[in-house]
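Undergrad: Here you go, one structure.
The values are calculated or read from the model by the stated rules, or taken from the named source; none is laboratory data. Computed from a prediction, not measured in an experiment: that's the story for all the values here. Because the Cβ atoms are built from the backbone with ideal geometry, glycine has one as well, and the counts that use them run over all protein chains shown.
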Amino acid sequence: MADRLRDFTGSRAQLERDGVVCVRQGFDEGEMQLIDAAFAWTLDHPGPGASKRYTFEPGTFFETTGHSPNEAAYRAIFERTRIRELLSEIYDGRPAWYLGEQLFFKEGDQVRRTPWHQDLSYLNFRGDSVIGVWIRLGHPLMGHPSR
């Protein structure tokens, strides 16, 4: 992972220029297992902002938000992956703080895409120290009741 951190550090200029950086395979297998476990936990425990979207269309599009960072599944991500270190690298060593999660679960061939967008236009933040992290789980959780 150390080599990836050096590569990621070079992305600061890209973030400043383009407003986005894509880091492929930024987590190792063990870290992805923790992220998968948090995803499965979240599906089993929808947050206060949970909703099914586009129910009139084929497929499943489920969204949930509002979980506490103190939930064990999320604490494992913060404490046992390098997400804080990765974010700190892109912000020149400044600390990275957790604001909240938003989970999208999509299933089916005709489910709408979620286009990349910037939430900062309606959130009350200023400055260059806010970053959104999207982690794509490219595989279904086999055997999960949602399947």
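Undergrad: State the number of residues belonging to the range 51-106 that are part of a strand (DSSP E or B) and not aliphatic (A, V, I, L, M).
TA: 12
Undergrad: Also, I was wondering about something else. Search the range 12-39 for residues that are of a type in the set (A, V, I, L, M) and pair each with any residue that is loosely packed, with under 13 Cβ neighbours inside 10 Å and modelled with pLDDT of 90 or more when their beta-carbon atoms are under 8 Å apart and the residues are at least 6 apart or on different chains.
TA: Filtered contacts from the range 12-39: Leu34/Arg80.
Undergrad: What's the number of the condition Phe27 fails, among (1) farther than 20 Å from Val130 by Cα; (2) surrounded by fewer than 16 Cβ atoms within 10 Å (Cβ to Cβ); (3) of a type outside the set (Gly, Ala, Ser)?
TA: Checking Phe27 against (1) farther than 20 Å from Val130 by Cα; (2) surrounded by fewer than 16 Cβ atoms within 10 Å (Cβ to Cβ); (3) of a type outside the set (Gly, Ala, Ser), the one that fails is (2).
Undergrad: Then there is this: Those residues that are surrounded by 15 or more Cβ atoms within 10 Å (Cβ to Cβ) and either hydrophobic (A, V, I, L, M, F, W, C) or free of Cβ contacts under 8 Å to residues at least 12 places away in the same chain (or both), I need them from the range 89-103; list them, please.
TA: Ile90, Ala96, Leu103
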